[in-house]
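Read through the structure below, which is laid out as structure tokens, and then see the notes.
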Amino acid sequence: MRKKTDIRQLGLIGYPLSHSFSKKYFSEKFERENIRDWAYELYPLPSIEVLPDLLHSHSNLKGLNVTIPYKEAVIPFLDEIDESAVFGAVNTIKIEKGKLIGFNTDTYGFEYSIVPLLRDYHCKALVLGTGGASKAIIHVLKKLNIDYLLVSRSSGNGLITYEDIDSQVLENYKIIINTTPLGMSPRAGLCPNLPYKYLSEQHLLYDLVYNPEETVFLQHGKRQKTHIKNGLEMLYLQAERAWEIWQIT
């Protein structure tokens, strides 16, 4: 039997973690691919300040995923930032010889899941939310030469509010990306406050939320015959990219 100290440990930090199935994803992957020397656990941290305590008490940790609300707050605790996360949000940490190296694989997952859906008229995007997840989305939109507007509950610094979105705005912005947790289980009945009646078949609604698979946000789009996409494929792609990073020696 393999000793517990021989197991290379991975995990997810965030708070709360009831919405995540990263542990299920990696545990099933390890079982399916007969990977016996890696394990994955959930580490709900009520404060990012306790991260050093977690690392101290789990000396076999080799990597962490980072989710809400710590994608930005974790950065001061890192020793190095990979170029994939230079825009200021980290969702993957590699622990190597005591050093914490921050990466972002959300960008990889988002880019490769949205590109096949893009059409010529998808040249402007509304990005709902201004948290760490939105930074990864903006990074990809810039790479794809897609203009964007950030939407927040309060205006200022180039932001617009949900109340600013009318038929003219939706006529110009054919991509709408929800980076907020609105609609995420267990509060699945919520959705961004938009005038959904002005959506058309040319619109693409992308929701980073993946649980439930079809949020109220996406249901509104579906009724208007828009193209819809949830965050499930993005999750798989970013997870596999993180796995590649953790294995590089």
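At a glance:
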read-out: Single residue of the range 180-230 satisfying the filter (hydrophobic (A, V, I, L, M, F, W, C) and touching a Cys at 6+ places or on another chain (Cβ under 8 Å)) that is farthest from residue 151 (Cα to Cα); value: 216
read-out: Selection from the range 86-100 of residues that are farther than 19 Å from residue 140 by Cα and either part of a loop (DSSP other than H, G, I, E, B) or not assigned by TED's automatic domain parsing to the domain that holds residue 40 (or both); value: 97, 98
read-out: Residue ID - surrounded by the fewest Cβ atoms within 10 Å (Cβ to Cβ), chosen from residues in the range 43-61 that are over 18 Å from residue 90 (Cβ atoms) and either touching a residue at least 40 places away in the same chain (Cβ under 8 Å) or touching a helix residue (DSSP H, G or I) at 6+ places or on another chain (Cβ under 7 Å) (or both); value: 60
read-out: Subset of the range 44-85 (residues that are assigned to a helix (DSSP H, G or I) and aromatic (Phe, Trp, Tyr)); value: 77
read-out: Answer from 205, 149 - the residue that is over 18 Å from residue 219 (Cα atoms) and either assigned to a strand (DSSP E or B) or free of Cβ contacts under 8 Å to residues at least 12 places away in the same chain (or both); value: 149
read-out: Top-ranked residue in the range 153-178 [being assigned to a strand (DSSP E or B), at pLDDT 95 or above and in contact with a Ser or Thr (Cβ under 9 Å, 6 or more places away or on another chain); ranked as surrounded by the fewest Cβ atoms within 10 Å (Cβ to Cβ)]; value: 161
read-out: Which numbered condition residue 119 fails, given (1) of a type outside the set (A, V, I, L, M, F, W, C); (2) in a loop (DSSP other than H, G, I, E, B); (3) over 30 Å from residue 195 (Cα atoms); value: (3)
read-out: Selection count where residues are surrounded by fewer than 18 Cβ atoms within 10 Å (Cβ to Cβ) and in contact (Cβ under 8 Å) with a residue 40 or more places away in the chain, scope the range 182-191; value: 2
read-out: Residue match in the range 203-214 (condition: under 16 Å from the mean Cα position of the chain (by Cα), among the hydroxyl-bearing types (Ser, Thr, Tyr) and either surrounded by 15 or more Cβ atoms within 10 Å (Cβ to Cβ) or at pLDDT 95 or above (or both)); value: yes
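One line per residue, one yes/no per condition, for (1) at pLDDT 95 or above; (2) part of a strand (DSSP E or B); (3) in contact with a strand residue (DSSP E or B) (Cβ under 8 Å, 6 or more places away or on another chain):
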position	(1), (2), (3)
140	yes, no, no
194	yes, no, yes
200	yes, no, no
228	yes, yes, yes
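The values are calculated or read from the model by the stated rules, or taken from the named source; none is laboratory data. Model, not experiment: these values are computed from the prediction. For neighbour counting, all protein chains shown are included, and Cβ atoms are generated from backbone atoms with ideal geometry for every residue, glycine included.
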